[in-house]
Each structure stands twice: as structure tokens, then as C-alpha cells.
Amino acid sequence: MASPFEIVVVSSDLADRDQLTGVLASLGLNPVATSSLRECREILAQKNVELVFCDRHLVDGNYQDLVATSRQSGDRPRVVVTSHSADWDEYTEAMRCGAFDIISAPCRRTDVEWMVIQAKRAGRDAERPGPTRAEPPELAKAAGASASSGGPVPYAERR
């Protein structure tokens, strides 16, 4: 049996937190809600959390602090930043810092659902083993890669 898809919502704004947890509950999910970075870190230490929706700013830190914690533990959890003023500069900054994505707050159901789908897909892709470098040259060529370089096979060699 697969383990549950654990989600945490961390927001210092009660209305935003309730709205987002309501959207997640309507999707059949059971998120854990918290109001601070400290509480979120405590939850992360106890559970195998896959996805965190986090306000841009919290009472005791910001999403960048959470992303730094996420990097230390590998690819989990994926951090989605929620922001009332999401613009292009903020988006690029969040992505540069290592956020999974950024969505506007209050969160729309379609945006939240898409983040859950993307996080689940990324989790499955991370669990799927990739090709090994020790595969026979015939398999590499059949897959469209040069056995010597690992890159695409030039058109002339495909004949």
C-alpha cells in the first residue's frame, strides 16, 4: 500500500490558511496546517511530507528558510510559495531560490490542483530509475544516443 501524500500548509494569515486547506480538503486531501516556520519544521521532522504550500513571508521567517531546509533533506518537501503580489520578478526569485513553484493567494482551486498533480508526478519521476551508463552500445544506439558521447546520434550514423 502506498504511503499517504502528506501536505503542509504554512501561513501566518488565518483566512488564507483556512481557504487553502479547504481547497485541498475538497480535492480529497488531508493537509496539516500551521502558522509558523518553527511549527512547520517540527512537522517535517516527524512526517514524510511531499508538498508544502508556504506564504512568502511568515511571522518567524520566509519561504527561503523553508527551501533551505528542503534542500538539506533532498527533493522533499517541494515548496510552493503563495503570494498576494506574485509578479514575474517574484516568480524568478522564488525559482532561483529553489521553490517548486509560486501561485497567487488566495489560491484558486485549479492552481492548487495543478501543484498537487505536478508534485505527485515529480515524486514518481524521482523514484523511477534512469538509464545506466553501462548499457550495451546497441541499446544506446537504438535509444538514439551515441554510445561514446551519450548524446544524440548524428543523422548520418542512423542509416
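The values are calculated or read from the model by the stated rules, or taken from the named source; none is laboratory data. All of these numbers come straight from a predicted model, not from anything done at the bench. Methodologically, a virtual Cβ is constructed for each residue, glycine included, from the backbone with ideal geometry; neighbour enumeration extends over all protein chains shown.
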Test result for Thr82, buried (at least 16 other Cβ atoms within 10 Å of the Cβ), hydroxyl-bearing (Ser, Thr, Tyr), at pLDDT 95 or above and within 20 Å of Phe5 (Cα to Cα): yes
Selection from region 76-94 of residues that are of a type outside the set (A, V, I, L, M) and assigned to a helix (DSSP H, G or I): Trp88, Asp89, Glu90, Tyr91, Thr92, Glu93
Residue, modelled with the lowest pLDDT, within region 105-130, restricted to residues that are among the charged types (D, E, K, R) and surrounded by fewer than 15 Cβ atoms within 10 Å (Cβ to Cβ): Arg128
Among (1) over 15 Å from Val10 (Cα atoms); (2) part of a loop (DSSP other than H, G, I, E, B) - the single one Ala122 does not satisfy: (2)
